[in-house]
1. Could you put A:GLU553, B:GLU76 in order, starting from the residue whose Cβ has the fewest other Cβ atoms within 10 Å?
2. In a solvent-free Debye calculation with one equal scatterer on each Cα, what is log10 I(q)/I(0) for region B:2-113 at q = 0.18, 0.19 Å⁻¹, listed in the order of the q values?
3. Please rank A:VAL408, A:VAL327, fewest neighbouring Cβ atoms within 10 Å first, as an exposure proxy.
4. For the peptides A:342-355, A:440-453, what is the packing order when you average, over each peptide's residues, the other Cβ atoms within 10 Å and list the highest mean first?
5. Within 10 Å of each Cβ of B:57-70, how many other protein chain Cβ atoms are there on average?
6. Which of A:ILE246, B:ILE30, A:ILE140, A:ILE72 has the fewest other C-beta atoms within 10 Å, and how do the rest follow up to the most?
7. If you count the DSSP beta bridges with both ends in the protein assembly as shown, what percent of them are antiparallel, to the nearest 5?
8. At 0.692 mPa s and 37 °C, plugging the Kirkwood radius over alpha-carbon pairs of region A:1-159 into Stokes-Einstein gives what diffusion coefficient in µm²/s?
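Nothing in this text is a laboratory measurement; each read-out follows from the coordinates by a stated rule. In this text the structure is predicted, and so the values were computed from the model without any measurement. Every residue, glycine among them, receives a Cβ derived from its backbone with ideal geometry; neighbour counts consider all protein chains shown.
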Amino acid sequence: MQSLDPLTILIAEDSAADRMLLSSIVRRQGHNVLTAANGAEAVEAFRQQQPHLVLMDAMMPVMDGFEAARQIKLLAGETLVPIIFLTSLTESEALARCLEAGGDDFLAKPYNPVILAAKIKAMDRLRRLQATVLQQRDLIARHHDYLLNEQRVAKAVFDKVAHSGCLSAPNIRYLQSPYALFNGDLLLAAFTPAGDMHVLLGDFTGHGLPAAVGAMPLAEVFYGMTAKGYGLSETLREMNAKLKRILPVDMFCCATLLSLSFQRRSVEVWNGGMPDGYLHSIATGERKPLTARHLPLGVLSPQTFNDRTEVFPMAVGDRVFLLSDGVIDTCDGNEQLFGVDRLQRVFAANRQPYALFGEIEQALRDFGGEARDDVSMVEVSLLEATQLTPPALVYSDSGQSCPLDWSVNFEFRAETLKRFNPLPYLLQLLLEVHGLRAQSGALYSVLAELYSNALEHGVLGLDSSLKRDASGFARYYQQRNERLEALQDGYVRVHLLVAPQGKGGCLVVRVEDSGKGFDVARVLERPLDGVRLSGRGVSLVRQLGRNASWSDEGRSARVEFFWEALA
Amino acid sequence: MADTHLDPNVLSALQEVMEDEYPELLDTFIRDSEERLHLLQNSADATQLMEAAHSFKGSSSNMGAVRLAQLCHELEQRAKQKSLTGIEKLVGEIDGEFAIVRPLYEAEKQRSLSE
């Protein structure tokens, strides 16, 4: 009987002899005893001393046991304070009254100490069980709050990273749940130094924090490499390798990556495991599906990863629309999927492009789908290059160590040309020269143009006239990939010369290639229009750089940049 | 004779539980019972009568006063059914029974004190 921890037990009984007897029995069993001679005293004793358990006579003067039981249960709240009614009541009606008043058990007179001890023990077990349940409930609630708070913090941190991009650019419209991150959805956008726009819509496997943790390193790679001028392929390879390295096997990230070039009027696409995106040509009304051709990021080893992209021409006003699987996988009450056909019908019915998201949402609601919070959509349109102003780059160094008189020569040979993009390195090197920073966009565009001309038309011998129409455009990039893969010989040489000039300076860029050259005079005869799909590179170089010239039958291009004294 | 009024097994169990307080318990019961008899005799209505009989029945049964408890039970039932004819005779019997058990309890007290 002494096995349990001593309890404090309130005995409410108006008969002095019964009270005395019961007190002795209970005390002998190792518990502390409080006594009350009527219901009112019992409630008061409970209020002041919170006993663990109450033995309550039903019939008492002043306040009977039923009323006292009700009040004590009220005072106890969620805590279980078992009440055992002491009664010689035998009528079932009276026993029911005890239960209705909150009684948990009965003890009949004459008292039997063994039965009483057993009942106290059973009630104590119940009381502890209830206390444990409450404790665990509170613990779960605390954990839940903690989790929500963690999500808030994670979201705040992540928003800082995500919003470092250009999602607010005037040519981007998107729709995403504020907590999409915790559904694994991810939307990033940033300008390259040349003014191209990179956009990523990703969908990590899983939900909650595990789905969100991969987003941070992915965003870092995306923003870091885009800002440095890396192309989609390099960025994709790095993202894939990083996710493969850090994520568990069953976690990966479906993603579509876009690179919109406002100057070349084209979009480069890589889709790994996402639903079809759509390239909407305003002129023809056609919506060209941008289909997944790859496994998601983080699945394949760096050796087997395929970074091959597709390039499509775009006209000003054309749009690329991407969506997460939350849209087409929305289920109705009969487990039917919303599906691609229904989406296409919404497309077909759409008249006002800006209303498209709303119409898709309405269609999802009409479909009777449960509202999903992992519905992400983004639409990027091609504007005139001049309509967008990429944000100015911020530099943190003082400029005291700026190099002003140097030159450097590079020769990139076949094996390197296949897999390495030297432009980010060259640009970083040049941007050490403070005077060039203000024109980093032009500088990068010209470098990129000269390099890709030297590689594609020179080394790979691709005919730029292919790009005159849309189907030729696709063929051109297909050939580019094939020839690059098969490349054995050839080189691209880059010469950079920086020299001070008065209080400013001058940069001379020379790019040579091992190709066949081209009819310089004929190309230069064309007006500087910059609108045709082909031959635009030369115009662009002449517009953005100074004194552009070609020699050695077009195999050597030369262009200069100047800067004045810095303020 | 005593066995029809007091259950000796109950008394020895009580003594075991109460130890030194046993004589005091007996005293308390005698005092308590006098109050309850007074209540029985002065009940204003059937409900009061029933409640007083019920309480008296409970403590009598605890104290092993088997016949007293039995009479109180009858009174409680009668009061409950509101069949009050001849009820005074029943109250009188309870009074008589208490007059019998009271000296028995006092003797029991003396016996335990002299142990």
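1. So the ranking, lowest neighbour count to highest, is A:GLU553, B:GLU76.
2. -0.83, -0.90
3. Least crowded to most crowded, the residues run A:VAL408, A:VAL327.
4. Taking the mean over residues of other Cβ atoms within 10 Å, the ranking is A:440-453, A:342-355.
5. Taking the mean over all residues of the peptide, I get 4.
6. Taking fewest neighbouring Cβ atoms as first place, the list is A:ILE140, A:ILE246, B:ILE30, A:ILE72.
7. 80
8. 193
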